[in-house]
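The structure appears right after this line, and notes come after that.
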Amino acid sequence: MGVLPRVFFTMTEAAARWGYAPADIAGWAHQGQLEIVTGIAPVDCGGEPAAGLVAISVADILPMFRRSGTGPREMPVRRIRAQGKDEWMMITEPAEGVIVSMDDLMILADEVHRFETEREIFGRPHGGKGPEPKYDWDEFWRAVAIYVHEHGVPPTLKEFTEAMSNWFLDQTDGKSSPSDSVIRKKLSPLWNHLRQEE
């Protein structure tokens, strides 16, 4: 079984991925460049039920994004928006709204990738002009560990390289992967070590 693509990124993960602070992401979300979502239990919005994944307005929880780090980790939210809708809904029951934690604020992976592509955050797709894009090597090594756990040590370095190249393509909908030589160079010491232990 191959490594499944991610569905969500937390605000903290997205911030680390892009090299910005969560406060910056909150600002972009406030401008409508990104959508921040969270999951909620069923609530009533003036007679209309709402539940599951909903968008929230960062303006309603702005103290959570203080750059000083002194903000609260959770706050009540009274305003939500169903995905795919333009209108905001006020939560009427429970009257106090729902408590949202910083750890529960998510960005859909499709939204993350769209944002990165539109702004060329990691450079241009491989094969185009300009420098090769940056890649998430931490996530790569996690994928390597999962692959070896599930499939064992590949019999050849070439097979190992091809498997991890395909993993990169899976993460980018087939648009981008480091060159085989780069992947092979990173995998070679590990592969040689693991083959010696067999």
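Here are some notes:
- Cα-based Lys proximity count in the chain, under 25 Å, for pairs eight or more positions apart or on separate chains: 12
- Crossing angle, helix 157-171 versus the chain [Cα axis fit, 0-90 degrees, rounded to tens]: 20
- Separation of the range 60-114 from the range 152-198 is 39 Å, based on Cα centroids.
- Projecting the Cα positions of TYR147, HIS193, PRO178 onto the charge dipole of the range 137-197 (unit charges on Cβ atoms of Lys, Arg, Asp and Glu, taken about the Cα centre) puts HIS193 furthest along the positive direction.
- Value of relative contact order over the range 137-197, rounded to a whole percent, pairs C-alpha under 8 Å and six or more apart: 32
- Annotation for the range 38-123: GluC sites (Glu not before Pro) lying in DSSP loop with at most 13 further Cβ atoms inside 10 Å of their Cβ are GLU87, GLU96, GLU120.
- Test item: Cα-centred dipole of the range 137-197, Lys/Arg +1 and Asp/Glu -1 on Cβ, debye: 260
- Point-charge dipole on Cβ atoms (K/R +1, D/E -1) for the chain, about Cα centre, debye to 20: 720
Bear in mind that the values in this text are calculations on the coordinates, not laboratory data. Bear in mind that the values here come from a model prediction, so they are computed numbers and not experimental data. Note that each Cβ is placed from the backbone with ideal geometry, even for glycine, and that neighbours are counted across all protein chains shown.
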